[in-house]
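Below is one structure; the comments refer to it alone.
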Amino acid sequence: MAAPVFKNPVIRWIDHRLPVFSYLHHEAYEYPTPKNLNYWWNFGSLAGVMLVVMIVTGLILAMQYTPHVDYAFNSVERIMRDVNWGWLLRYLHMNGASMFFIVVYIHIFRGLYFGSYKAPRELLWQIGVLIYLLMMATAFMGYVLPWGQMSFWGATVITNLFSAIPVIGDEIVTLLWGGFSVENPTLNRLFVLHFLLPFVILGAVVVHIIALHRFGSNNPLGIDTKGPQDTLPFHPYYTMKDMFGLGVFLLFYAFWVFWAPNALGDPVNYELANPLSTPEHIVPEWYYLPFYAILRSIPDKLLGVIAMGASIIILFFLPWLDRSPVRSGTFRPVFKWFFWILVFDCVILMFCGKYAPEAYWMPFSLEIVDADTFTARVAEVRGIAHDEALTAVGDMWGVNAAAGTFGIKIVRLGQLGTLYYFAYFLVVLPLLSIFERPRQVPLSISKPVLGGGQSVAHATAKSMEKA
Amino acid sequence: MSKGRILLGLTTIIVGLAAVAMVAANPVHHATVHSQSWSFTGFFGHFDHAQLRRGHQVYKDVCAGCHSMSLLAYRDLQDIGFTEDEVQALAAEVQVEDGPDDTGAMFERPGRASDRFKEPFPNEQAARAANNGAYPPDLSLIAKSRAGAGFLGYEGADYIHSLMVGYEEPPANVTLPEGMYYNHAFKGHQIAMPPPLSEDGVTYADGTQATLDQQAKDISAFLTWAAEGNLDERHRTGIKAVLFLVIFTLLAYAVKRRVWADVH
Ligand code: HEM
């Protein structure tokens, strides 16, 4: 591609010595992008915007925040009450974390559906998973900073998980705590890391983009671009489309910040951390709930931690678990169903992570009731004594078909959900790669007509060669 | 993109959001809380200053005997319509410890507008000793730390209101321990706080009839303001931000359409 000629002499002078402008022109202006991207492709740039929002608001918050157990809670309240526009900064940051995760989850599921993880984009995908892991760590540490009840108890529960690691587990926990429990040194190190990690994420995002620009974006058809007729320059086509998407997204973000700023958080975090009083339910933020459900669905601590870790690590291997040559789910009639069940499964898992494992979900009356209430209902409906009902319910699934009492124990539901989650990656995808007969894939983006008699393998051969 | 695809996408987003909402809204209620209508809910919601001043009166005359409100200073009351002089007079009603002076001794002086609300007890132990071993929590953030903040609504205010009017005779099968009271809004129904409000228990400066329900509403509104004093400004800023964003989004859409018009 010809180097652009810049009219401005200063820019020309700089660019001759340090070709940043040529580079930007190449990567953000003329960068050829498939012309058929749909709105699911907006979420990558939205994630980038959210990272910038988090860094900017976070930096200003950090100027007012005090990382000390005796002052942290009140320093956050000071930001809310006395710092000019402090409430706005904090609510932008606090809800920004949720928005960031919503965007990234959509971004990830987009990739899962359209096969963006397949050759030649395996590394791109893996860097994405790494970014996601870093985000989880960052948000966890950020949540500890305001030093409310859930900050403290969340930190206690999560850091304690490391003690499940054989031999060195306890050492690791001591290292994390900087002492013998979650206390001031813990808060200090989490603050430092919370400050640092977003910049590590920034670096990872740059690498992510470099990897992306090697082969360019995947697209809803999941086929390679075959030439200029299939692409558009990034600017103005996708800059403008992203701008529109950004507007819609910011409206959504604004709703939370201005009218429901605490709806996504736990009210208990407005109580000062108190090591002597454990909250009734220790619940992580919504974006961790599916993993929390996986953790709790396995009775053994170590195995639970392993399962939770594996549920993310497995994503690194996805490109080799799904060997179907067709990328886009659009052309995979069977895959499609399993994919949507996976989405649904993650919602169910999120739900399970929220409630006490011993509670019961009663789908017909749309209620969650605790074990006592459930047993009492069973006793009432069946007209039996409480003790008898206890044995009837037992430690079973809790399904009680007697009229009016149909409930599923949350932990059981979580186990089903966990089972499907792993089965999707370890069983369904490998088997589909062998047995599924994909629909015919179009020959090219600009000619979305099906190639008469072209075989699927043929149409995707090129992408396989690159691998 | 086909209509069906868009529909599917939208459905996913809506189902996802509904799930988040369901998870966030926490439908497990152990106690009965009734929602009330408040002036500060909804997109244009704002505090009713007359109500907040009545609420302050309830706090000062009743709750302040047991509950601290350590995050508020007297001068904050200017935000709800007290004049500077009134605030100074209010602050001067209490004696606060200050010092050390030039001789190194601590001394008492009348409160100033910049002082935080005076706390009823010197420490938690003293508070417990005076309350049968129970600790009356600080009320600065109570409206945000109880029962969830919900969507647009303020369940914290609903909860405090229900708690204030929720005292009743215990059912026949419940025997209350010494110093405990029965309240249907409280988790577990047994609370160590004696019923703080009674009909005409306070005499409102603005002449409003002090029914139990009126006092309960006023104190709940006041505590919501104490926890979330920036609410009015937040809503106003929100409206402006949304107006700006709507225009921005429409413009962006128009430009996007123009730019893409020649793509087939
Ligand atoms: C990847 C980007 C980031 C994420 C996901 C994130 C997440 C979070 C979360 C969930 C909280 C707790 C909010 C609350 O409940 O109050 C928080 C607090 C905080 N964060 Fe971040 N953060 C990010 C970037 C940053 C950066 C770059 C800084 C500073 C350089 C920063 C500084 C702070 C401070 C000072 C607090 C405590 C104040 C508060 O609680 O509102 N954050 N963060």
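The values are calculated or read from the model by the stated rules, or taken from the named source; none is laboratory data. Quick caveat, the model's predicted, so the values are computed rather than measured. Here Cβ is always computed from backbone atoms with ideal geometry, including for glycine, and neighbour counts include all displayed protein chains. Ligands, DNA and RNA are excluded from the accessible area calculation, which covers all protein heavy atoms including side chains. Shrake-Rupley method; radii C 1.70, N 1.55, O 1.52, S 1.80 Å.
Computed values, structure above
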read-out: Residue in region A:273-290 that is nearest to the other protein chains (Cβ to nearest Cβ), counting only those that are buried (at least 21 other Cβ atoms within 10 Å of the Cβ) and away from the ligand (no atom under 13 Å from the Cβ); value: A:LEU289
read-out: Among the residues listed as A:MET54, A:MET50, A:MET99, A:MET94, the single one being within 14 Å of chain B (Cβ to nearest Cβ), open to solvent by less than 50 Å² (accessible area, probe 1.4 Å) and within 13 Å of the ligand (Cβ to nearest atom); value: A:MET99
read-out: Contacts under 7 angstrom Cβ, first residue in region B:97-114 being among the basic types (Lys, Arg), partner open to solvent by less than 50 Å² (accessible area, probe 1.4 Å), 6 or more apart; value: B:ARG109/B:VAL96; B:ARG109/B:ASP98; B:ARG112/B:ALA91
read-out: Set A:THR66, A:THR57, A:THR33: member being more than 25 Å from B:ASP262 (Cβ to Cβ) and within 28 Å of the chain's Cα centre (by Cα); value: A:THR57
read-out: In region A:233-261, residue farthest from the chain's Cα centre (by Cα) [restricted to those that are at the interface with chain B (Cβ under 7 Å from one of its Cβ atoms) and either open to solvent by less than 20 Å² (accessible area, probe 1.4 Å) or of a type in the set (Phe, Trp, Tyr) (or both)]; value: A:TYR237
read-out: In region B:52-66, the residues that are open to solvent by less than 20 Å² (accessible area, probe 1.4 Å) and not hydrophobic (A, V, I, L, M, F, W, C); value: B:GLY55, B:HIS56, B:TYR59
read-out: Sole exception among (1) within 30 Å of A:PRO34 (Cα to Cα); (2) at pLDDT 95 or above for B:LEU212, by number; value: (1)
read-out: Residue within region B:188-196 that is within 14 Å of chain A (Cβ to nearest Cβ) and either of a type outside the set (S, T, N, Q) or on the phi > 0 side of the Ramachandran plot (or both) present; value: yes
read-out: Qualifying positions in region A:158-176 - assigned to a helix (DSSP H, G or I) and over 24 Å from A:GLY58 (Cβ atoms); value: A:ASN160, A:LEU161, A:PHE162, A:SER163, A:ALA164, A:GLY169, A:ASP170, A:GLU171, A:ILE172, A:VAL173, A:THR174, A:LEU175
read-out: Pair list, Cβ < 8 Å and 6+ apart or interchain, from region A:431-448 residues that are closer than 14 Å to B:HIS264 by Cα and among the hydrophobic types (A, V, I, L, M, F, W, C) to residues that are open to solvent by less than 70 Å² (accessible area, probe 1.4 Å) and assigned to a loop (DSSP other than H, G, I, E, B); value: A:ILE445/A:LYS35; A:ILE445/A:ASN36; A:ILE445/A:ASN219; A:ILE445/A:LEU221; A:ILE445/A:ILE223; A:ILE445/A:THR225
read-out: Condition broken by A:ALA310, with the remaining ones in (1) under 30 Å from B:SER70 (Cβ atoms); (2) open to solvent by less than 60 Å² (accessible area, probe 1.4 Å); (3) away from the ligand (no atom under 16 Å from the Cβ) satisfied; value: (1)
read-out: Test set (1) more than 20 Å from the chain's Cα centre (by Cα); (2) touching a residue at least 40 places away in the same chain (Cβ under 8 Å); (3) more than 22 Å from A:LEU295 (Cβ to Cβ) - A:PRO357 fails condition number; value: (3)
read-out: Test: residue in region A:67-81 that is of a type in the set (Asp, Glu) and more than 16 Å from the ligand (Cβ to nearest atom); value: no
read-out: Pairs with Cβ under 9 Å, 6+ apart, first in region B:220-237 and more than 13 Å from B:ILE80 (Cβ to Cβ) and within 11 Å of another protein chain (Cβ to nearest Cβ), second buried (at least 18 other Cβ atoms within 10 Å of the Cβ) and β-branched (Val, Ile, Thr); value: B:ALA227/B:ILE142; B:ARG234/A:VAL257
read-out: Unmet criterion (only one of (1) farther than 25 Å from B:GLY238 by Cα; (2) open to solvent by less than 40 Å² (accessible area, probe 1.4 Å); (3) more than 16 Å from the chain's Cα centre (by Cα); (4) at pLDDT 95 or above) for A:VAL76; value: (1)
read-out: Any hit, region A:210-221, residues being open to solvent by 20 Å² or more (accessible area, probe 1.4 Å) and within 14 Å of the ligand (Cβ to nearest atom); value: no
read-out: The listed residue being in contact with a helix residue (DSSP H, G or I) (Cβ under 8 Å, 6 or more places away or on another chain), within 25 Å of B:GLN51 (Cα to Cα) and loosely packed, with under 12 Cβ neighbours inside 10 Å, out of B:SER145, B:SER114, B:SER140; value: B:SER114
read-out: Selection from region B:68-106 of residues that are within 17 Å of A:ARG81 (Cβ to Cβ) and open to solvent by 90 Å² or more (accessible area, probe 1.4 Å); value: B:ARG75, B:ASP79
read-out: A:TRP153 being at positive phi and over 16 Å from the mean Cα position of the chain (by Cα); value: no
read-out: Number of positions in region B:238-247 that are more than 9 Å from chain A (Cβ to nearest Cβ) and either closer than 15 Å to A:MET80 by Cα or small (Gly, Ala, Ser) (or both); value: 0
read-out: Which numbered condition B:TYR159 misses (of (1) surrounded by fewer than 13 Cβ atoms within 10 Å (Cβ to Cβ); (2) assigned to a helix (DSSP H, G or I)); value: (1)
read-out: Extreme residue, farthest from B:LEU163 (Cα to Cα), among residues of region B:206-233 that are acidic (Asp, Glu) and touching a helix residue (DSSP H, G or I) at 6+ places or on another chain (Cβ under 7 Å); value: B:ASP206
read-out: Any hit, region A:237-247, residues being in a helix (DSSP H, G or I), under 30 Å from A:MET80 (Cα atoms) and aliphatic (A, V, I, L, M); value: yes
read-out: Selection status of A:ILE294, on the phi < 0 side of the Ramachandran plot, buried (at least 22 other Cβ atoms within 10 Å of the Cβ) and more than 9 Å from chain B (Cβ to nearest Cβ); value: yes
read-out: Index of the failed condition, B:THR12 passing every other in (1) modelled with pLDDT under 95; (2) in a loop (DSSP other than H, G, I, E, B); (3) of a type outside the set (Lys, Arg); value: (2)
read-out: Failed item, numbered, when A:ASP266 is tested on (1) under 17 Å from A:ILE108 (Cα atoms); (2) facing chain B (nearest Cβ under 9 Å); value: (1)
read-out: Conditions (1) in a loop (DSSP other than H, G, I, E, B); (2) under 30 Å from A:GLU285 (Cα atoms); (3) touching a strand residue (DSSP E or B) at 6+ places or on another chain (Cβ under 7 Å): number failed by B:LEU139; value: (3)
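Yes/no per residue for (1) near the ligand (Cβ under 9 Å from one of its atoms); (2) open to solvent by less than 30 Å² (accessible area, probe 1.4 Å); (3) free of Cβ contacts under 8 Å to residues at least 60 places away in the same chain:
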residue	(1), (2), (3)
A:ASN36	no, no, no
A:MET63	yes, no, yes
A:TRP85	no, no, yes
A:TYR113	no, yes, no
A:GLN126	no, no, no
